[in-house]
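Some notes on the structure that comes next.
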Amino acid sequence: MKNLIYAALAVFVLSFAMLASASAQTTQAQTSQTQTAPPDTGAAFTSAISLNPISLIFGLFDASYEFKLSKNNSLVVFGSYWDIDAGYWAAFGIGASYRWYLDVSSVTKWNNKPMLEGFSVGPVASIGFWKWSGPSIIDPATGANLNPYNGGVSFQIGGSAAYKWVFGGGWFVEPEITIWIPVASPSGFAGFSDFGLGGNLGYAWH
């Protein structure tokens, strides 16, 4: 039941992103027919790199690279390293997120932000390759290892929402919330949280 609820929330995030993006583009197109062109808000950024220092509290190192795909969309690719449960579980992982930049303030008169700034939502997926380094449980009669933890592969999907504040020179702060739905995980592993909280620090350029 919990996974169904989170799946519904993820679908809601995606549906809201698509509807809001289409609505914003339609409103902007209709308004441009009756008003003069908006003032220049500055050149859009095309790429950004960032780190998530907040995730270090939870034993996760996360670095990402984002690049512009279109007027309102971007792709984020990221690499992760987990070290949790007193170092018994460790993994390298990769993932990606497709973002819609909504420019929700554009419903007001010419208050748009350039690309790679402001509020964004989109789906996200991540895969991890885990290794168990904890103690073994040996059967004294047979000598077999009874520990069920052998490492393995994890896979998650979900939805995320973020807001990017870009300051002078391209430096930015980006709070982010993610809803995760575990699809697969190693035997005995229960280290994932259904919610992720991030605070990315990074640099964007044209």
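With the simple model of a label 7 Å out from the Cα in the direction of the Cβ, VAL173 to ILE49 spans 2.2 nm. Label positions at ILE137 and ASN150, each projected 7 Å from the Cα along the C-beta direction, are separated by 1.5 nm.
For GLY202, neighbours were defined as the other residues whose beta-carbon sits under 11 Å from its Cβ, and their charges (Lys and Arg +1, Asp and Glu -1) total -1.
The calculated FRET efficiency for LYS71 paired with ALA96, based on their beta-carbon distance and R0 = 30 Å, is about 0.90. Fewest-first ordering of LYS131, LYS164 by other beta carbons within 10 Å of each residue's beta carbon gives LYS131, LYS164. Entry for region 50-182 at q = 0.10, 0.18, 0.20, 0.21 Å⁻¹: log10 I(q)/I(0) = -0.45, -1.03, -1.19, -1.26, Debye formula applied to identical alpha-carbon scatterers, no solvent contribution.
What FRET efficiency do you get for ASP85 and TYR203 if R0 is 35 Å and r is their Cβ-Cβ distance, rounded to the nearest 0.05? The value I calculate is 0.60.
Taken together, the values in this text are just the output of simple stated rules run on the coordinates, not laboratory data. Keep in mind the model is a prediction, meaning the values are calculated, not measured. Note: ideal-geometry Cβ built from the backbone for every residue, glycine included; neighbour counts use all protein chains shown.
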